[in-house]
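Comments concern the structure below.
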Amino acid sequence: MQKSEGFRSKTRYKLQKHPRQRGLFPLTRALKVYKVGETVHVVLDPSVQKGMPHPKFHGKTGKIVAQRGSSYLVKVKDGGKYKDIIARPQHLRESKA
(Lines give C-alpha, C1' and ligand atoms only; values in the text may rest on other atoms or scores of the structure.)
Protein backbone atom coordinates (compact mmCIF):
# COMPACT_ATOMS: atom_id res chain seq x y z
CA MET A 1 0.00 0.00 0.00
CA GLN A 2 1.21 3.51 -0.81
CA LYS A 3 2.36 5.67 2.09
CA SER A 4 0.23 8.69 2.97
CA GLU A 5 1.96 12.04 2.52
CA GLY A 6 -0.60 14.26 4.23
CA PHE A 7 -0.21 17.73 5.74
CA ARG A 8 0.83 16.36 9.14
CA SER A 9 3.04 13.50 7.98
CA LYS A 10 6.34 12.94 9.87
CA THR A 11 5.18 15.08 12.81
CA ARG A 12 4.65 12.38 15.44
CA TYR A 13 6.83 14.11 18.03
CA LYS A 14 6.74 17.66 16.70
CA LEU A 15 2.95 17.96 17.07
CA GLN A 16 2.71 16.30 20.46
CA LYS A 17 1.98 18.12 23.70
CA HIS A 18 3.60 17.41 27.02
CA PRO A 19 1.14 15.36 29.16
CA ARG A 20 0.61 18.25 31.62
CA GLN A 21 -0.04 20.72 28.79
CA ARG A 22 -2.77 18.67 27.12
CA GLY A 23 -6.25 20.02 26.51
CA LEU A 24 -7.52 23.42 25.55
CA PHE A 25 -5.06 26.28 25.11
CA PRO A 26 -5.32 29.43 27.27
CA LEU A 27 -7.98 31.74 25.79
CA THR A 28 -5.77 34.82 26.23
CA ARG A 29 -3.51 33.34 23.55
CA ALA A 30 -6.36 33.38 21.02
CA LEU A 31 -7.33 36.94 21.93
CA LYS A 32 -3.78 38.31 21.67
CA VAL A 33 -3.45 41.22 19.23
CA TYR A 34 -0.18 41.69 17.35
CA LYS A 35 0.92 44.87 15.61
CA VAL A 36 2.50 45.10 12.14
CA GLY A 37 6.29 44.87 12.41
CA GLU A 38 6.31 42.85 15.64
CA THR A 39 8.66 39.86 15.85
CA VAL A 40 6.96 36.56 16.68
CA HIS A 41 7.91 32.91 17.06
CA VAL A 42 5.86 30.25 15.27
CA VAL A 43 5.04 27.57 17.86
CA LEU A 44 2.36 25.20 16.61
CA ASP A 45 -0.43 24.22 18.98
CA PRO A 46 -1.63 20.74 17.93
CA SER A 47 -4.95 21.13 19.76
CA VAL A 48 -5.97 23.83 17.23
CA GLN A 49 -5.98 22.66 13.61
CA LYS A 50 -7.58 25.80 12.20
CA GLY A 51 -5.09 28.39 11.00
CA MET A 52 -2.11 26.10 11.57
CA PRO A 53 0.88 26.81 9.30
CA HIS A 54 2.87 23.95 7.78
CA PRO A 55 4.85 22.00 10.42
CA LYS A 56 8.17 22.89 8.75
CA PHE A 57 7.72 26.45 10.10
CA HIS A 58 7.49 25.21 13.72
CA GLY A 59 10.17 26.99 15.76
CA LYS A 60 10.88 29.69 13.17
CA THR A 61 10.89 33.42 13.89
CA GLY A 62 9.34 36.05 11.65
CA LYS A 63 7.75 39.49 11.44
CA ILE A 64 4.05 40.35 11.28
CA VAL A 65 3.35 41.82 7.84
CA ALA A 66 -0.44 42.23 7.91
CA GLN A 67 -3.64 41.01 9.49
CA ARG A 68 -6.05 38.80 7.55
CA GLY A 69 -9.32 38.64 9.45
CA SER A 70 -8.49 36.90 12.73
CA SER A 71 -5.19 35.57 11.35
CA TYR A 72 -1.83 37.18 10.67
CA LEU A 73 0.49 37.22 7.69
CA VAL A 74 4.00 36.40 8.95
CA LYS A 75 7.20 36.77 6.89
CA VAL A 76 9.52 33.84 7.72
CA LYS A 77 12.91 32.91 6.26
CA ASP A 78 12.85 29.43 4.71
CA GLY A 79 16.26 28.43 3.37
CA GLY A 80 17.49 31.37 1.29
CA LYS A 81 14.15 33.08 0.69
CA TYR A 82 11.42 34.73 2.68
CA LYS A 83 7.94 33.23 2.67
CA ASP A 84 4.63 34.63 3.87
CA ILE A 85 2.62 32.26 6.02
CA ILE A 86 -0.87 32.73 7.41
CA ALA A 87 -1.26 31.77 11.06
CA ARG A 88 -3.76 32.28 13.83
CA PRO A 89 -2.58 33.82 17.14
CA GLN A 90 -2.79 30.41 18.89
CA HIS A 91 0.28 29.37 16.88
CA LEU A 92 2.29 32.56 17.55
CA ARG A 93 4.26 33.77 20.55
CA GLU A 94 5.71 37.25 20.96
CA SER A 95 9.49 37.48 20.87
CA LYS A 96 11.13 38.88 23.97
CA ALA A 97 14.16 40.20 22.07
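The values are calculated or read from the model by the stated rules, or taken from the named source; none is laboratory data. Keep in mind the model is a prediction, meaning the values are calculated, not measured. Ideal geometry is used to build each Cβ from the backbone, glycine not excepted, and the neighbour counts take in all protein chains shown. Side chains included, ligands, DNA and RNA excluded: accessible areas come from the protein's heavy atoms. Shrake-Rupley method; radii C 1.70, N 1.55, O 1.52, S 1.80 Å.
Of note:
- Answer from Lys60, Lys32, Lys75, Lys81 - the residue that is open to solvent by 60 Å² or more (accessible area, probe 1.4 Å), without any contact (Cβ under 8 Å) to a residue 24 or more places away in the chain and out of contact with any Lys or Arg (no Cβ under 8 Å at 6 or more places or on another chain): Lys81
- Only one of Asp78, Asp84, Asp45 that is acidic (Asp, Glu), touching a His at 6+ places or on another chain (Cβ under 8 Å) and under 23 Å from Ala97 (Cα atoms): Asp45
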